[in-house]
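The values are calculated or read from the model by the stated rules, or taken from the named source; none is laboratory data. The shown structure was predicted, so the numbers you read here are calculated from the model rather than taken from an experiment. All Cβ positions, glycine included, derive from the backbone under ideal geometry; neighbour counts span all protein chains shown.
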Amino acid sequence: MTHPLGTGAPFTRGTPKAEVLEAWGKPKHAVPHGVDELGNTREEWIYEGWLPGLPIDHEYISRTKHLFFEGENLVRWTEDVPPTESPRD
């Protein structure tokens, strides 16, 4: 198993919004960030972790995830790292 539970990216770059919605449902927050140079809307979806402090993470169980879209596709993602942990590469 290359990515044990709680590691690795939840989605890959280019994943359509519809696929994220199907897998995780609607985000807690959808924050508009204007448009890019091609006129595509930029948006950040925030899925809040609902069991902070849990030593493992799957989807967004214990860590809040920020998914960034341009148009209909995912371009990057980040997660909030608890203060006792160091960020992953």
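Applying the condition of being in contact with an Asp or Glu (Cβ under 6 Å, 6 or more places away or on another chain) and at pLDDT 90 or above to region 37-65 and asking which residue is farthest from residue 80 (Cα to Cα) yields 40.
Just to be sure I understand, how many residues within region 66-89 are in a loop (DSSP other than H, G, I, E, B) and modelled with pLDDT under 95?
The total comes to 10.
Sub-6 Å Cβ pairs linking a first residue in region 64-76 that is more than 16 Å from residue 37 (Cβ to Cβ) to a second residue that is crowded, with 16+ Cβ neighbours inside 10 Å and among the polar types (S, T, N, Q), at least 6 apart or interchain, are 74/15, ordered by first then second residue.
In region 16-31, what residues are part of a helix (DSSP H, G or I) and within 18 Å of residue 70 (Cβ to Cβ)? Explain how you work it out, then say what you get.
Let us first name the residues in region 16-31 that are part of a helix (DSSP H, G or I), namely 17-24.
Across region 16-31, the qualifying residues are 17, 18, 19, 20, 21.
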